[in-house]
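Here the structure comes first, spelled out in structure tokens, and everything after it is commentary.
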Amino acid sequence: MAVIAVRSHLEKILYSSDDSKSSDDAKDIVFIAGKGKRSENNKPVLMQAIIKLLKEEYGINAYVDENNAGRIRVPKASIEIVKQKIS
């Protein structure tokens, strides 16, 4: 279910026809996936699934936030590259 939510949010960003600029336009996208503390062997299953989705379906190299191991950071520049390929 979480992967569907990530896909939905990303599609909204990628295919948005809104040309107005907001303060969020200059920021990276951050998905909160958790550190996997309640997963089997404390491995972050959700995080790996989201990173795989971003890489395989969109060609985006997201990374674990260095300040919070429970967050996935998607550089704004990566989003812009995918948007250019789409249009």
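The values are calculated or read from the model by the stated rules, or taken from the named source; none is laboratory data. Worth saying up front: this structure is predicted, and the values here are computed from it rather than measured. Counting neighbours? That spans all protein chains shown, and the Cβs are built from the backbone with ideal geometry, glycine included. Surface areas here come from the heavy atoms of the whole protein model, side chains and all, with no ligands, DNA or RNA. Shrake-Rupley method; radii C 1.70, N 1.55, O 1.52, S 1.80 Å.
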task: Tell me, yes or no, whether region 2-14 has at least one residue that is modelled with pLDDT under 90 and open to solvent by 50 Å² or more (accessible area, probe 1.4 Å).
output: no
task: Return the residue satisfying two criteria in turn: it lies in region 37-52 and is in contact with a helix residue (DSSP H, G or I) (Cβ under 6 Å, 6 or more places away or on another chain) and modelled with pLDDT of 80 or more, and of such residues it is surrounded by the fewest Cβ atoms within 10 Å (Cβ to Cβ).
output: A49
field: Those residues of region 53-72 which are surrounded by 12 or more Cβ atoms within 10 Å (Cβ to Cβ) and touching a Ser or Thr at 6+ places or on another chain (Cβ under 8 Å), in sequence order
entry: I60, A62
